[in-house]
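The values are calculated or read from the model by the stated rules, or taken from the named source; none is laboratory data. Please read all numbers here as calculations on a predicted model, not as lab measurements. Every residue, glycine among them, receives a Cβ derived from its backbone with ideal geometry; neighbour counts consider all protein chains shown.
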Amino acid sequence: MTRVLATCFVVLLGLAARAAAPIPVMVLDGESGGPYHDWLHVTTVLKKMLDETGLFAVTVVSAPAAGADFSGFAPEFAKYRVVVLNYDAPDERWPEALKRSFEQYVSSGGGVVSVHAADNAFPGWIAFNEMVGVGGWRNRAEQAGPYWFERDGKVVSDSTPGRAGSHGRRVPFQVTVREPNHPITKGLPRIWMHQGDELYARLRGPGKNMTVLATAFSDPSNAGSGRDEPQLMVLSYGRGRIFHTTWGHDITALSSVDFVVTFQRGTEWAATGQVTQKLPTTFPSADSVSYRADIAAMDPDFKYGLDNLDLPVPARR
Ligand SMILES: [Zn+2]
């Protein structure tokens, strides 16, 4: 009897140790489409969000800059449970072997989180577009796949020719949950306000194995599509899980409590298929935004005020 109890105790200790082991996460950065996407500071903020959950062991991996030698860049993807993409580069940037290595990692069960303009990357890399489901810019048009949006409670597509990717001025907008029973959205309010951010619209892509968790209405009076546009999505690619968030243009946008929560939960889900995190009491409501002042203050321009949402939008992104 004593021996049985002792064995049970050892097994329980083993389980506890396993539960406490941090989840290895790679945050991949190193390039963006332009200076409007400050990947260096964004990575610092993303890492802080993951660190504060106590669930993850985060390693930042920076790809070589445009024009630099990629021959020695071969991240060991398999050492991680999830790769967070804060990275946006054109098709020709990655050697074929690197692309195959990433595909192998995901198809054999590796997790991916795509943040904001990461879905602008690699318009011609078929597997990458199947992972993120939809993307915009970098000359994506009808060859990328149809537009995807929500209508009458269903995800639908539209193959009309046209450019992929648009957004209006960065103003707060309302988010609607479409899949309340997914681990990432379970327990969240049905509707809430997101802090000023780019509301991505008119994204196109294969949309395979994609579930839209939340949408936002893209207002025609703010250069929008007039459609309920996918904002948070989950996908599968082989045995791999992908969480795709369109949010996070800048640190003000990242400071929105709903970004923090869905990013932390989405990363855990992509790694394990489960979410163990509790909701903060500061989650935004249907009519008011809620942001983290400590995160907003990590913006190098915070000294000029919280935001510059009303400045004219650059021609792209
Ligand atoms: Zn942006």
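Tell me, yes or no, whether the stretch 284-294 has at least one residue that is closer than 21 Å to residue 181 by Cα, free of Cβ contacts under 8 Å to residues at least 12 places away in the same chain and either within 16 Å of the ligand (Cβ to nearest atom) or not aliphatic (A, V, I, L, M) (or both). No, the conditions are met nowhere in the stretch 284-294.
Per-residue answers, yes or no, for (1) over 18 Å from residue 264 (Cα atoms); (2) touching a Leu at 6+ places or on another chain (Cβ under 6 Å); (3) modelled with pLDDT under 95:
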site: 31; (1), (2), (3): yes, no, no
site: 41; (1), (2), (3): no, no, no
site: 61; (1), (2), (3): yes, yes, no
site: 76; (1), (2), (3): yes, no, no
site: 85; (1), (2), (3): no, yes, no
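Within the stretch 170-180, identify whether any single residue is modelled with pLDDT of 95 or more, part of a loop (DSSP other than H, G, I, E, B), under 16 Å from the mean Cα position of the chain (by Cα) and closer than 29 Å to residue 49 by Cα, and answer yes or no. No, the stretch 170-180 contains no residue that is modelled with pLDDT of 95 or more, part of a loop (DSSP other than H, G, I, E, B), under 16 Å from the mean Cα position of the chain (by Cα) and closer than 29 Å to residue 49 by Cα. Scanning the stretch 148-163 for residues that are surrounded by 13 or more Cβ atoms within 10 Å (Cβ to Cβ), touching a residue at least 60 places away in the same chain (Cβ under 8 Å) and either in a loop (DSSP other than H, G, I, E, B) or not β-branched (Val, Ile, Thr) (or both) yields 148, 149, 150.
For the stretch 129-154, which residues satisfy the criterion of being more than 21 Å from residue 90 (Cβ to Cβ) and in contact with a Gly (Cβ under 8 Å, 6 or more places away or on another chain)?
Passing the criteria: 146, 147, 148.
If you go through the stretch 272-283 and keep only what is in a loop (DSSP other than H, G, I, E, B) and either over 23 Å from residue 192 (Cβ atoms) or in contact (Cβ under 8 Å) with a residue 12 or more places away in the chain (or both), you end up with 273, 274, 275, 276, 277, 279, 280, 282, 283. Just so you know, in the stretch 278-317 the residues that are surrounded by 12 or more Cβ atoms within 10 Å (Cβ to Cβ), at pLDDT below 85 and charged (D, E, K, R) include one that is nearest to the chain's Cα centre (by Cα), and it is 317. Would you confirm whether or not the stretch 147-161 contains a residue that is closer than 22 Å to residue 243 by Cβ, within 16 Å of the ligand (Cβ to nearest atom), among the aromatic types (Phe, Trp, Tyr) and under 19 Å from the mean Cα position of the chain (by Cα)? There is no residue in the stretch 147-161 that is closer than 22 Å to residue 243 by Cβ, within 16 Å of the ligand (Cβ to nearest atom), among the aromatic types (Phe, Trp, Tyr) and under 19 Å from the mean Cα position of the chain (by Cα).
With the structure loaded, tell me whether residue 143 is in a helix (DSSP H, G or I), farther than 19 Å from residue 85 by Cβ and more than 16 Å from the ligand (Cβ to nearest atom) or whether it fails that test. Criteria met by residue 143.
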